[in-house]
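The values are calculated or read from the model by the stated rules, or taken from the named source; none is laboratory data. Not measured: the values here are computed from a predicted model. Counting neighbours? That spans all protein chains shown, and the Cβs are built from the backbone with ideal geometry, glycine included.
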């Protein structure tokens with residue numbers, strides 16, 4: 001890895017910076033600039049005096065482009081007769097429309113008038129039934145150009161088997177200066193609707209992503225030669241060019257770095273099962289790791305399907321900046337709307353609405369004078385006044401209203417935890433919660449108590465863990481091999497040969513990006529998509545090798561755990577094999593300069609267990625390795641605050657993480 005690697009996580013409320021150098025870290029945190037995230041990045045680098053050789057960036061630009069509908073005007077080209085593919089979808093109603101007499105039409109990013117057909121056809125067996133002529137391809141592209149679009153997404157039937165027709169269309173589109181996404185390059189898998197939707201999204205967000213990354217790259221290189229890498233949704237990183245060419249891979253990349261770093265921390269403490277709990281200013285992301293970071297292949301963003309490898313994270317709109325209000329029925333609600341960085345919570349003094357952060361300030365869990373290391377002014381009276389307005393509507397006192405806000409936010413997070421654990425056959429009670437994000441350590445112990453979990457781990461820099469995850473993320477390339485064969489028979493040598501070819505090609509691609517980094521040896525990983533015959537969707541399993549017998553047994557086990565049943569007598573189909581070649585990053589980062597003895601805490605009243613209790617307040621940099629604290633207590637630091645409720649005990653571990661256990 002480069003000698004000085006800077007991880008930058010641009011969130012909706014704060015921008016986090018972590019510089020890894022010589023195995024040690026330096027950190028900085030500042031308010032985000034949502035209109036142009038690069039402004040906060042450049043300002044943070046200057047404020048902290050950071051001089052990186054390499055910057056690894058986790059960006060929400062692609063996600064926000066989808067959610068705000070601000071992407072490029074995009075055309076869609078498909079096989080003749082399938083123009084309405086995107087609007088037909090899977091003919092499944094959205095959950096909110098299940099009982100509606102007038103269900104909403106499927107949302108698309110491309111209106112019907114921008115959907116075009118090419119007279120060509122390939123069979124499911126990969127045979128060309130109707131050849132796409134150059135004349136026909138030029139006719140289609142002439143119509144596309146005349147429509148005035150900036151981008152074009154091409155998705156022909158079974159092009160993942162025979163990509164020549166898409167290549168012809170892409171070549172001609174490029175002649176006209178259009179940005180092109182071809183489905184055989186974006187998603188080399190079956191299911192034309194998901195493949196088409198994913199390809200359209202890649203085109204739709206690409207111009208915004210390209211402009212942003214190129215602008216950031218230019219700005220970084222004005223004063224020094226800084227290499228820029230981008231976080232992907234599967235917790236690996238890639239270069240700017242690759243990220244722009246397949247921009248859909250950056251959607252949902254934000255939570256991925258945090259999950260990877262949290263599981264790495266849990267593993268270093270001897271925990272195989274971990275529930276990662278990332279509560280930031282806008283949302284909360286939870287993931288369950290059982291021996292590995294789990295990936296999934298199908299997610300929805302803004303109601304649109306994306307079928308690329310993504311860290312299996314469930315998000316809810318409950319964060320520190322989530323707005324609290326009383327609805328028309330008189331019920332207290334929290335989120336999903338957020339106050340963001342501007343105006344922010346009421347305590348920021350900019351006239352913001354009451355939020356979860358304001359409730360925590362009222363309950364004296366957040367000390368205003370220590371917020372963001374004292375660099376940001378917090379107005380406790382403004383927070384109390386905002387919660388007071390809620391209390392008046394609820395006919396309660398201010399403290400009870402603040403506690404109710406916390407309870408409602410916790411209930412939202414409990415639902416998210418159930419989604420990734422109990423509903424998928426996992427018992428969370430023997431897992432450890434890794435709490436991070438600026439607000440995560442404030443809620444973690446209460447969440448653990450609700451699920452009977454007895455251990456919580458808080459990293460040295462909880463509010464900056466996602467940025468740290470960027471520093472330690474592997475650089476990788478991957479490719480997909482369509483298989484569509486039964487696995488319950490002896491391995492087909494042809495399959496092995498094709499796989500070896502893909503591995504070799506991926507290794508060559510990666511090798512061209514990491515010239516001069518010979519000490520870090522590339523690692524090859526396989527991910528196999530498997531299903532029973534007749535099933536519509538697969539499960540994605542990591543595989544150490546293509547031992548088909550062992551893979552089938554593992555598939556049965558995972559299927560039983562996920563769905564409650566398995567069929568060991570049935571054949572198993574392998575649909576695709578994803579080959580990833582990665583270069584491991586350095587993970588031995590440490591915090592230096594902390595004492596080994598505990599400083600005395602200051603007496604403090606804190607709301608816990610349903611009322612005011614006498615406890616202590618500690619500065620985290622005064623808690624040395626081996627220090628012990630019994631709740632109720634509050635641990636303050638620059639990037640987060642940790643609550644130790646009554647009945648919980650805290651010990652500072654050797655790596656300065658906070659290890660909490662329920663008594």
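Here is how the numbers come out for the structure above:
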| quantity | calculated |
| --- | --- |
| Verdict on residue 223 being surrounded by fewer than 24 Cβ atoms within 10 Å (Cβ to Cβ) and at pLDDT below 90 | yes |
| Among (1) modelled with pLDDT of 85 or more; (2) over 20 Å from residue 444 (Cα atoms), the one test that residue 302 misses | (1) |
| Residues (part of a helix (DSSP H, G or I), out of contact with any strand residue (DSSP E or B) (no Cβ under 8 Å at 6 or more places or on another chain) and surrounded by fewer than 17 Cβ atoms within 10 Å (Cβ to Cβ)) located in the range 390-413 | 392, 400, 407, 411 |
| Tally of residues being over 24 Å from residue 77 (Cβ atoms), in contact with a strand residue (DSSP E or B) (Cβ under 9 Å, 6 or more places away or on another chain) and touching a residue at least 24 places away in the same chain (Cβ under 8 Å) across the range 189-221 | 3 |
| Scope the range 267-282; condition surrounded by fewer than 24 Cβ atoms within 10 Å (Cβ to Cβ) and touching a residue at least 60 places away in the same chain (Cβ under 8 Å); matching residues | 268, 269, 271, 273 |
| Selected residue (criterion: surrounded by the most Cβ atoms within 10 Å (Cβ to Cβ)) from residues of the range 291-329 that are assigned to a loop (DSSP other than H, G, I, E, B) and free of Cβ contacts under 8 Å to residues at least 40 places away in the same chain | 294 |
| Hits in the range 414-435 - residues which are at pLDDT below 95, closer than 16 Å to residue 274 by Cβ, in contact with a helix residue (DSSP H, G or I) (Cβ under 9 Å, 6 or more places away or on another chain) and outside any helix (DSSP H, G or I) | 421, 426 |
| Selection from the range 569-592 of residues that are in contact with a helix residue (DSSP H, G or I) (Cβ under 8 Å, 6 or more places away or on another chain) and either modelled with pLDDT under 80 or surrounded by fewer than 13 Cβ atoms within 10 Å (Cβ to Cβ) (or both) | 583, 585, 587, 589 |
| Pair list, Cβ under 8 Å, 6 or more apart: the range 239-254 residue at positive phi and crowded, with 20+ Cβ neighbours inside 10 Å, other residue modelled with pLDDT under 90 and in a helix (DSSP H, G or I) | 252/63 |
| Enumeration of residues in the range 140-174 that are in a loop (DSSP other than H, G, I, E, B) and within 22 Å of residue 211 (Cα to Cα) | 148, 149, 150 |
| Hits in the range 429-454 - residues which are buried (at least 24 other Cβ atoms within 10 Å of the Cβ) and closer than 12 Å to residue 660 by Cα | 432, 433, 434, 435, 441, 444, 445, 448 |
| Search result, residues across the range 627-652 that are at pLDDT below 90 and out of contact with any helix residue (DSSP H, G or I) (no Cβ under 9 Å at 6 or more places or on another chain) | none |
| Candidate set: the range 175-214, residues that are outside any helix (DSSP H, G or I) and touching a helix residue (DSSP H, G or I) at 6+ places or on another chain (Cβ under 8 Å); chosen: the one farthest from residue 89 (Cα to Cα) | 176 |
| Answer residue from the range 81-104, given it is in contact with a strand residue (DSSP E or B) (Cβ under 9 Å, 6 or more places away or on another chain) and in a helix (DSSP H, G or I) and is nearest to residue 200 (Cα to Cα) among those | 86 |
| Residue count for the range 1-28, restricted to those that are under 16 Å from the mean Cα position of the chain (by Cα), closer than 22 Å to residue 236 by Cβ and outside any strand (DSSP E or B) | 1 |
| Search result, residues across the range 509-548 that are at pLDDT below 75, assigned to a helix (DSSP H, G or I) and touching a strand residue (DSSP E or B) at 6+ places or on another chain (Cβ under 9 Å) | 509, 510, 511, 513 |
| Given (1) under 19 Å from residue 291 (Cβ atoms); (2) out of contact with any strand residue (DSSP E or B) (no Cβ under 7 Å at 6 or more places or on another chain); (3) in contact (Cβ under 8 Å) with a residue 40 or more places away in the chain, index of the condition residue 557 fails | (3) |
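Matching residues to (1) assigned by TED's automatic domain parsing to the domain that holds residue 162; (2) over 21 Å from residue 233 (Cβ atoms); (3) touching a residue at least 40 places away in the same chain (Cβ under 8 Å); (4) within 23 Å of the chain's Cα centre (by Cα):
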position	(1), (2), (3), (4)
48	no, yes, no, no
57	no, no, yes, yes
74	yes, no, yes, no
92	yes, yes, no, no
110	yes, yes, yes, no
113	yes, yes, no, no
